[in-house]
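Written below as structure tokens is the structure these notes are about.
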Amino acid sequence: MIDLRERRLDLEDLSNRLDRIEERLPPVGAAVLRAQRASTRLAFSTVGGAGQAVADTVHGIGGAVGTGFRTITGTVTATGRRTVDAVEDELVDLADQAGAAAERARHAQPDDTWTRAELYDLAQEIELEGRSAMSKAELLAAVRTEDPR
């Protein structure tokens, strides 16, 4: 008899891999991944229960049909693994790109589009004296003078 519950070990491994990816994503990306994982879990639990019922029925009908179902189940599982691997690779690439963009932005020359908080953070990084009492305009002028970018 086919027991789709054994496939849970594969899914647990996949879930652990996705957890590690999620930890490396920025907050918005992590939230999107969590939402997608929740909807996927719901779909798999629905399909998995139906699949188990079909597997039990097929087993009762005969071995040839059961073999065919096992083949289909194996093919679907392998395809799912390849898809997950591709998605994982894509997510890692996106996380790397986001990190690189953040690093480039961190080294960008400050201008009047920066918020006071961003200017203040930069002033802290360069240890600018008197920064807490400065306005946005004063911070911008002082940071432009002191920052070696």
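The values are calculated or read from the model by the stated rules, or taken from the named source; none is laboratory data. This structure is a prediction, so every number in the text was calculated from the model and none was measured. Every residue, glycine among them, receives a Cβ derived from its backbone with ideal geometry; neighbour counts consider all protein chains shown.
Points to keep in mind about this one:
- Selection count where residues are part of a helix (DSSP H, G or I), among the aliphatic types (A, V, I, L, M) and over 11 Å from residue 110 (Cβ atoms), scope segment 127-149: 2
- Check on residue 62, at pLDDT 60 or above and among the small types (Gly, Ala, Ser): no
- Listed conditions (1) among the β-branched types (Val, Ile, Thr); (2) over 16 Å from residue 20 (Cα atoms); (3) at pLDDT 75 or above are all met by residue 84, apart from (2).
- Flag if residue 122 is among the aliphatic types (A, V, I, L, M) and either in the same structural domain as residue 20 (by TED's automatic domain parsing) or part of a helix (DSSP H, G or I) (or both): yes
- Put simply, of 78, 105 the only residue that is exposed (fewer than 10 other Cβ atoms within 10 Å of the Cβ), within 30 Å of residue 18 (Cα to Cα) and modelled with pLDDT under 90 is 105.
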